[in-house]
Amino acid sequence: MSYFLILAGNVTISALIFVDRHLRAPMYFLIGLLSFLEIWYTAVTIPCMLTIIWKGKTQISFSNCMMQMYLFHSFGITENFLLNLMAYDRMVAICNPLRYHNLMTLKRCKTLASSCWVLGFLSPVTLLLSVLQLPFCGPNEINHLFCDSSPLLNLVCADTAFNFIIDFAISLCMIILTSLFLIVTYVRIIFTILKMKSSEVQKSPRKLFLHVLLILQLCLSSMEV
């Protein structure tokens with residue numbers, strides 16, 4: 001039930017932002033894009049998980065399993081990149097308000113967002129190709145609710161140390177780079193707000209808090225699912 005409520009919420013948010021012309025600012029565009037991504041991110045794994053919970057067991061072909069693993073990693077990495085782009089958008093708006101409309105035009109925002117999608121879908125290709133070359137042998141049962149790299153590597157009849165290293169390296173690099181960027185960005189935003197005059201401070205935190213609350217709502221909704 002919670003999945004369908006989250007799905008309806010994300011569909012509503014993305015539809016309103018992309019339909020309403022008054023919500024064409026970069027911040028709202030990115031929020032709508034993040035909601036759109038969440039729809040597909042959860043759709044990759046949740047229906048399969050619900051089927052397993054309902055039936056107790058289910059089957060999936062090898063090709064579909066590889067596709068599910070690839071899409072799961074791709075959407076997850078793309079979401080991290082989009083969150084970084086949203087943080088950058090708020091940093092420019094608050095730290096350089098006079099230059100914001102020149103630095104973050106809607107066209108440039110779409111270009112940066114497209115780059116997030118491209119990089120997000122290119123990042124797991126190495127992992128996918130390395131897994132496809134491995135020999136799998138019997139019993140082909142994954143002790144997991146969906147196809148992910150770690151449970152798949154447990155079914156391989158060969159040395160998987162190299163593949164585990166690739167999986168770990170990709171995940172670690174994405175987490176460290178995106179987390180550091182988010183921390184640096186929001187620290188700079190906080191220091192900028194603290195230096196503002198009282199009249200300016202009343203406007204900036206409202207936009208920032210709205211932005212952070214919407215991000216937390218989207219992230220927590222995917223975690224709850």
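Brief remarks on what is shown
- Residue match in the range 157-164 (condition: among the small types (Gly, Ala, Ser) and assigned to a helix (DSSP H, G or I)): yes
- Scanning the range 1-34 for residues that are among the hydroxyl-bearing types (Ser, Thr, Tyr) and within 14 Å of LEU82 (Cβ to Cβ) returns SER14, TYR28.
- Pairing each residue of the range 81-101 that is within 25 Å of GLY120 (Cβ to Cβ) with any residue that is in a helix (DSSP H, G or I) and among the basic types (Lys, Arg), provided the two are 6+ apart or on different chains, yields C-beta distances under 9 Å for ARG90/LYS207; MET91/ARG188; ALA93/LYS207.
Okay, residues lined up against (1) surrounded by 14 or more Cβ atoms within 10 Å (Cβ to Cβ); (2) at pLDDT below 85:
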{"position": "VAL11", "(1), (2)": "yes, no"}
{"position": "ALA25", "(1), (2)": "yes, no"}
{"position": "LEU34", "(1), (2)": "yes, no"}
{"position": "TRP40", "(1), (2)": "no, no"}
{"position": "GLN59", "(1), (2)": "no, yes"}
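- Top-ranked residue in the range 61-78 [being surrounded by 15 or more Cβ atoms within 10 Å (Cβ to Cβ) and in contact (Cβ under 8 Å) with a residue 60 or more places away in the chain; ranked as farthest from PRO135 (Cα to Cα)]: ILE77
- Within the range 68-112, restricting attention to residues that are of a type in the set (A, V, I, L, M, F, W, C) and outside any helix (DSSP H, G or I), the residue that is modelled with the highest pLDDT is MET104.
- Of the listed requirements (1) hydrophobic (A, V, I, L, M, F, W, C); (2) in contact with a Lys or Arg (Cβ under 8 Å, 6 or more places away or on another chain); (3) closer than 25 Å to LEU145 by Cβ, CYS95 misses just one: (3).
- For the range 93-105, the set of residues classified as hydrophobic (A, V, I, L, M, F, W, C) and surrounded by 12 or more Cβ atoms within 10 Å (Cβ to Cβ) consists of ALA93, ILE94, CYS95, LEU103, MET104, listed by residue number.
- Conditions (1) modelled with pLDDT under 85; (2) under 27 Å from the mean Cα position of the chain (by Cα); (3) not in a helix (DSSP H, G or I): number failed by CYS147: (1)
The values are calculated or read from the model by the stated rules, or taken from the named source; none is laboratory data. From a predicted model like this one, the values you see are computed outputs, not experimental measurements. Don't worry about glycine lacking a Cβ; one is built from the backbone with ideal geometry, like all the others, and counts go over all protein chains shown.
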